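K.L.:
My questions all concern the structure below.
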Amino acid sequence: MKANWNRRDFIKKSSAATLAALAAGAPVAGLLSGCGKGKKIAANTSADTVILLWLAGGMAHTETFDPKRYTPYENGLEGNRVLSTFKSFPTALDGIQFSDGLQSIGSVMDKGTLIRSYVAADMGHILHSRHQYHWHTCYEPPQTVAAPHIGAWIAKELGPKNQVIPAFIDIGQRMTVGESEELKAFHTAGFLGNEFGPFLIPDPSQGLESVRPPVGMDARRFERRNQLYNDLISKSAIGDLGSDYQKESLKRSMEQAYMLLNSPEAKAFDLSLEPKEVYDVYNTGRFGLGCLLARRLTEQGARFISVTTEYEPFKGFDTHENGHTRMVDMKKMVDGPIAQLVKDLDKSGHLDRTMIIVASEFSRDMMVEGRPDAKVKEQVNQPDILNDMKFYGMHRHFTDGCSILMFGGGIKKGFVYGKTADERPCKTIENPIKIDQIHQTIYHALGIPPDTNYVVEKRPFYTTPDGDGKIAKELLIKV
Amino acid sequence: MKRKNAIKKKTTRFLTTRNIGLAFLLLLIAAIINPVIGKDTEIAAGTPFWVWSFLGRLHPLVVHFPIGLLVVAWLMELLVWKRKSNDFGPAIRVLMVIGTISSVIAVVFGLLLINTEEYGGDILPVHQWTGIATMVLAAITTYTYFRKSRRMQKLLLTLTVAGVTVAGHYGASLTHGEDYLTSVLPSAQPDVAANQPTFVLANQTGPLNETQVQELNLQIRSIFAHSCTNCHGEAKQKGDLRLDSKEAILKGGEDGPVLVAGDPEKSELIRRIKLPRNHKEAMPSKGKGLTPQEIATIEYWVKQGAPWPTGELKSIFRVAALEPRMPEIPAATGDIVSPVDLFVNDYFKKHKVEWNKKVDDRTYIRRVYLDVIGLVPAADTIDAFINDTRPDKREILVSNLLSRNSDYAQHWLTFWNDALRNDYSGTGYITGGRYDITEWLYSSLRDNKPYNIFVKELISPTEKSKGFIAGIKWRGTINASQRTEMQAAQNVSQVFLGLNLKCASCHNSFVSDWKLEDAYAFANVFADSALEINRCDKPTGKMAPTRMLYKELGEIDSNAVTQDKLKQLAEYLVQPKDGRLYRTLVNRVWAQLMGRGIVEPVDVMDNEPWSQDLLDWLASDFVATGHDVKKLIYKILTSKTYQLPSVGIKEAELIVAPDYVFTGMLRRRLTAEQFTDAVSKAIQPVYGDSAIVYKLLPEDVKTDIRFPRASLVKNDPYLTALGRPNRETVSTSRLSQANLLQALELTNGDRFNNAVKRAAVKWKQEYPDAEKMVTEIYRSTLGRPPASDEESVALKVLGQTPTEAAVQDFLWAMTLHPEFQLIY
């Protein structure tokens, strides 16, 4: 009960902030006054925390969690014959194979659900950031109002789980890479207001920097500075200006910031406190360390964390050439940390109330750009006959069948949902699932009602378009 | 007598021994369970044990025992209130005992319920504690019925029943909603139609005249629009029935006509809306039913023959007049002479507001500096102004500031960049799907381009100003309601006409009279070839005509090439008879200077202004005096109205509350740009020269720029945290409230703290003497010397020979000071 009180308390306070926007006439508004319906967080939630592990750039399902017939490389190989460039191996689930290099994840699949039928949107000529925008906000850009990131919705509806840990933390994405403006466009709380926006930690090993006093300032000085600030205010004539929300909110925010930077929880951001052997398991680069940071923050009470392999055009999973060789490296980067995160949270008991989602904006294929029934403008020079190893890999953007993994927080264990065809085009042939269903399933587990919406410029704006998204009940242990 | 005593004894024993023990046992269990379950929800474990949930859900059932029994006991007591002997004594005792036991059970189950289910809110604790209090009261009362005097019994029983009533009321509010009772009161009818019908049902005899038909019909359409057309309208046609037009209503649904004009008894519609709410055929099938008044109105309308007025229908929404209006200026009285003040004076009289004294020179100069050029005045400038003895020094000050063309442009650039969603970086540029208009905008502001020309050049653009109507195009196929032509239609109507076309660009609007076809017809003005109407992103096969939103303004030649159509549109929009364009502009400027528009939100110009006269006069005067924005600003800033003390608001939502009364400028926070520039000027430049987007600015701009102003740099995390919007969509106002991310950015962010660090080096060198330094920093940041206790706080931290670190911390605290951060 305590938790609920805190949460409600917090929501009340924070909604005052967004109402300021309403007052200012900004495109932010209060709850839709649906016919007499009070706002009630549903009973029986199954998750308190969400971790999104974002494999940015379009991860080929046939090279990872949904392998097909393996065709080794040889000069003169006909591209159309190649469905997978890796062998596969059996996972912890009966009859379920993963692509080579994902052995660690394969070994924890008894703890989660494998979705093999995610269907991305058809938005024509493909731009990664546009599909990423869609995945994270559930809306296709451009929009007439700034759509909030799923993390911002969750931050808005539930508030932080631990008052001093920002409710929406985004780890690993630098905003200085190509398409950064498009990335910024969805790394935002949109009309919900800045307050619910992401706390950005581009480099997890520098995470502590963001939550400790400025460089060169020790704790004592930080304390003194804060004291001086409060003293100066109390001595000034500003009291004559009376109490109002701007002044109050400024004082309150400064106090919160001080609390966070001074709190024991800030240590969660310090990866150097982790035992070396654990650190080493996670240390496959920024993504792996991001998973470690996510684990530490989850243990201290984070609400929503996103960790990404980072999107940078033509890097990472955005394989326009050398797909096979690149995938070998990418798998090394993600396999250990993801599996370890699942195991660690399971061991500590947090996995019960923490939902982990592993996803990417769409998949890849060697031949098909877009989807079989709606091919779009090709962007990759992919010859029909392979005479160079660099053409061996999944280089085109494929939107009609992708894999998603989900663990914990009420998600079924050892469950497989959906299916793609075994021959090209390897598209979804069973139980297609779309982004609004994924979002609603996450919201449902957290207790956020499916018709949650705010009136922006007199129109209701729902968590999923028109509030129509359906919960994918099949994925949940208990609905 | 013996028997009576026996009963008494028996009940007493029962009460005192077993039952009280049992009650406390139950309470004890509840107390133990309470924290355990609480903890579960808090930490991790899943759902609570089902038995608790089950028992908890019995609470609403069990509560009726104490309610019924205790009230009956009280009623019995009432019957014998005046009598000495209590004939009902034994009966009341039995009732009380059972009532008390059941109230204990109810409390225990209630506690289980709140622990196993997610109840919350303000009412819950009230219900919980009144419930518990009532239980205790009941127990005490029961006790008195075996021991104490009758007076005490009556008093306590009455109290208990009062407790039951209060607790019961709050419990019902929790279950059924707070407005369960009040919502059916006539005073609580939802105010959907801003345009309230004035037709009164009562006292109506004889046939209706034309006005009455119009009013009655308006009421009917309002009821249908609120309660029926969600399912029986454009979007859905359940049962093949639509209730959104005369023809549709008369046609009926799949089972034939729904009404028989003149005969409510035979009308299916009337039968359905009058059915009990739980009947499966009751209408509306979702949500609340119609109120008795609404039903009566519809019945009356049908009885009258379901009349529909001929000619133009009155809108169910408030629609502001399009044409300009020049209200008569009230006669000058006393020292109130300017038209702005005279209109405000009228308003004050009506709302019983007294004129306050004008603010002092120090406050005034800081205000106008920030409002005209976005900068804080230097301390010397403030002193000189205070010492200036000319009677018209305030007017002179405003004139001087307005003539600082570059500073003015660099401040107002921020506002117009937000509104015209122009930015130096952003989505779309990467794929060539967007153009910036910075150079044009900067020059236009610097030259104080007349507003009519300003608008014309944006709508019928040159190469340099085409970015606004060109919109933002992402790669790939996009939603029909977001094609660039539709973006142009939406943005032009929002920014220039204070009109929301966004709903109507997908389907007929539910919140205004704008139809899907209107939106497409307007979008067609911007289109090279006629657009096919899409409803909710699905093609309808219908091509849209080409026309303006307000046909009174002129007719667009649909066969003309786009360029010519845009020229026509631009000419039509800026005509003096387009009062809406100018009202929208003067309202925006007023809102910028006063913290709140005369109409709010500023993008909904159909809303009611707090002073129609003031708004109309400002707009008409603006046109009459050459569409000159600076003149408009001058008039506002030199008015007594602007010089009133600022007003603080406790809760932000009160600003747009319907009962808002204007009493003076609302206190505001500095914008991201104002704050940054204030820091740059007061202590140390935050940005370097290299951050300025010179490439996008006019070539001769170098001489204009005295220091790197925040309006001239690309957006970054620091500015974003402080509230600079990403200019993907039109944005016409900024949040005036601080938040955690902002505070974090200011507490340990690099951009800001590095600037403060650099400043410390400079200030320490310049002022080796701590006392002098404190004075100068106070003057530089707040424009005044420190008070003596402020000085001593500062000196205590700085010491005789301040370290760089101490100076840095002092500067930091000063720039985060509310007195520095607010426009007051």
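Where a number appears in this text, it was derived from the coordinates with a stated rule and is not lab data. As the structure is a computational prediction, the values presented were derived from the model and not from experiment. Neighbour counts run over all protein chains shown; Cβ positions are idealised from the backbone, glycine included.
K.L.:
Out of residues 5 or more away from B:Arg669 or on other chains, whose amide H comes under 5 Å of its own, with H placed 1.01 Å from N in the peptide plane?
P.N.:
For B:Arg669, the qualifying residues are B:Ile823.
K.L.:
Let me ask another. Tell me whether segment B:738-824 comes out rounded, prolate or oblate; compute the Cα gyration tensor, take square roots of the eigenvalues as a ≥ b ≥ c, and use a/c under 1.5 as the rounded threshold.
P.N.:
Oblate, because a/c is 1.5 or more while a/b does not exceed b/c.
K.L.:
Hey, another quick one. Antiparallel versus total DSSP beta bridges in the protein assembly as shown: what percent is that, nearest 5?
P.N.:
The antiparallel proportion sits near 60 percent.
K.L.:
Between B:Arg404 and B:Lys82, 0.36 nm times their residue separation minus their Cα-Cα distance comes to what?
P.N.:
Here the answer is 107.1 nm.
K.L.:
Which residues does a label at B:Glu463 reach in segment B:417-438, if reach means a backbone N under 18 Å from a point 7 Å past the Cα toward the Cβ?
P.N.:
In segment B:417-438, the label zone of B:Glu463 (backbone N under 18 Å from the point 7 Å along Cα→Cβ) covers B:432-438.
K.L.:
Next up: What is the ratio of the Cα radius of gyration of the protein assembly as shown to 2.2 N^0.38 Å, with N the residue count, to two decimals?
P.N.:
For the protein assembly as shown, the normalised Cα radius of gyration is 1.03.
K.L.:
Still on this model: Relative contact order (percent) for chain A, with alpha-carbon contacts under 8 angstrom and 6 or more residues of separation?
P.N.:
29 percent.
K.L.:
Still on this structure, I have one more. Taking the Cα-to-Cβ direction at B:Lys772 and at B:Lys542 and moving 7 Å from each Cα, how far apart do the two end points lie in nm?
P.N.:
It is 7.9 nm.
K.L.:
A follow-up question, please. For A:Ile96, what charge total do you get from the other residues with a beta carbon under 12 Å from its beta carbon, if Lys and Arg give +1 and Asp and Glu give -1?
P.N.:
-1
K.L.:
Let me know the mean shielding of B:645-657 by other chains, meaning the per-residue number of their Cβ atoms within 10 Å of its Cβ.
P.N.:
Mean partner-chain Cβ count within 10 Å for B:645-657: 6.
K.L.:
Let me ask you something else. Checking the a/c ratio against 1.5 first, then a/b against b/c, what shape does the Cα gyration tensor give for chain B?
P.N.:
Note, shape of chain B comes out oblate.
K.L.:
Related question: Other chains near B:812-820: what is the mean number of their Cβ atoms within 10 Å of each residue's Cβ?
P.N.:
6
K.L.:
Still on this model: Taking θ as phi - 60°, what are the ³J(HN,Hα) couplings along segment B:779-794 by the Karplus curve (6.51, -1.76, 1.60), each to the nearest whole Hz, with x for Gly and Pro?
P.N.:
Whole-Hz 3J(HN,Hα) from phi for segment B:779-794: 5, 5, 8, 9, x, 8, x, x, 6, 5, 6, 5, 4, 5, 4, 5.
K.L.:
From the helices alone, meaning DSSP H stretches of at least four residues, give me the mean residue ellipticity at 222 nm for the protein assembly as shown, per-run term -39500 (n - 2.57), in deg cm²/dmol to the nearest 500.
P.N.:
So the calculated ellipticity at 222 nm is -14000 deg cm²/dmol.
K.L.:
Please express the Cα-Cα pair-distance distribution P(r) of chain A as a list of whole percents, one per 10 Å bin, running from 0 to the bin with the greatest distance.
P.N.:
The distribution over chain A is 4, 20, 30, 25, 14, 6, 2, 0, 0, given as percents.
K.L.:
In addition: Report the Cα centroid-to-centroid distance between segment B:580-637 and segment B:458-472 in angstrom, as an integer.
P.N.:
25 Å
K.L.:
What is the packing order of peptides B:588-600, A:51-63, B:682-694, taking the mean over residues of other C-beta atoms within 10 Å and listing the highest first?
P.N.:
A:51-63, B:588-600, B:682-694
K.L.:
Take each of the peptides B:156-166, B:518-528, average the number of other beta-carbon atoms within 10 Å over its residues, and list them starting from the highest.
P.N.:
In decreasing order of mean packing, B:156-166, B:518-528 become B:518-528, B:156-166.
K.L.:
Relative to the first principal axis of the alpha-carbon coordinates of chain A, what is the inclination of helix A:245-262, with its axis defined by its Cα atoms, in degrees from 0 to 90 and to the nearest 10?
P.N.:
The answer is roughly 60 degrees.
K.L.:
Give the angle, between 0 and 90 degrees and rounded to the nearest 10, that separates the Cα long axis of helix A:2-23 from the longest principal axis of the Cα atoms of chain A.
P.N.:
With both axes taken from Cα atoms, the answer is about 80 degrees.
K.L.:
While we're here: Taking R0 as 35 Å, what FRET efficiency do you get between B:Asp263 and B:Thr175 from their Cβ-Cβ distance, rounded to the nearest 0.05?
P.N.:
Computed FRET efficiency for B:Asp263 and B:Thr175 comes out at 0.30.
K.L.:
Further, regarding this structure: Take the Cβ-Cβ distance between B:Gln575 and B:Ile705 as r, set R0 to 35 Å, and report the resulting FRET efficiency rounded to the nearest 0.05.
P.N.:
0.40
K.L.:
Dipole size in debye (nearest 20) for chain B around its Cα centre, Lys and Arg Cβ +1, Asp and Glu Cβ -1?
P.N.:
My answer is approximately 4440 debye.
K.L.:
Using a simple spin-label model with points 7 Å from Cα along the Cα→Cβ vector, what separation in nm is obtained for B:Glu552 and A:Asn230?
P.N.:
6.0 nm
K.L.:
Using 0.36 nm times the number of residues separating B:Lys350 and B:Leu313, minus their current alpha carbon distance, what extension gain do you get?
P.N.:
That works out to 10.1 nm of additional length.
K.L.:
Determine how many Å³ per residue the convex hull of the Cα atoms of segment B:477-574 encloses.
P.N.:
90 Å³
K.L.:
Moving on. Once fully extended, how much extra length lies between B:Trp129 and B:Glu804, figured as 0.36 nm per residue of separation less the alpha-carbon to alpha-carbon distance?
P.N.:
Gain on extension, B:Trp129 to B:Glu804, equals 237.3 nm.
K.L.:
Gap in Å between the Cα centre of segment A:387-415 and the Cα centre of segment B:534-563?
P.N.:
Value for the Cα centre distance between the two parts: 45 Å.
K.L.:
Using each residue's phi in segment A:449-460, evaluate 6.51 cos²θ - 1.76 cosθ + 1.60 at θ = phi - 60° and report the 3J(HN,Hα) Karplus result to the nearest Hz, with x for Gly and Pro.
P.N.:
Here the 3J(HN,Hα) series is x, x, 9, 4, 7, 10, 8, 10, 6, 6, 10, x Hz.
K.L.:
How much net charge surrounds A:Arg286 when only other residues with a Cβ under 13 Å from its Cβ are counted (Lys, Arg +1; Asp, Glu -1)?
P.N.:
Computed value for this residue: -2.
K.L.:
Right, here's the next one. What's the local net charge at B:Ser736, with K and R +1, D and E -1, over the other residues with C-beta under 9 Å away?
P.N.:
+4
K.L.:
I need the calculated FRET efficiency for the pair B:Phe49 and A:Lys87, taking r as the beta carbon distance and R₀ as 51 Å, to the nearest 0.05.
P.N.:
Rounded to the nearest 0.05, the efficiency is 0.55.
K.L.:
Follow-up question, since we're still on this one. Hey, can you grab everything whose amide H is under 5 Å from the amide H of A:Ile429? Only 5+ residues off in sequence or another chain; H modelled, so Pro and N-termini drop out.
P.N.:
A:Lys419, A:Thr420, A:Ala421
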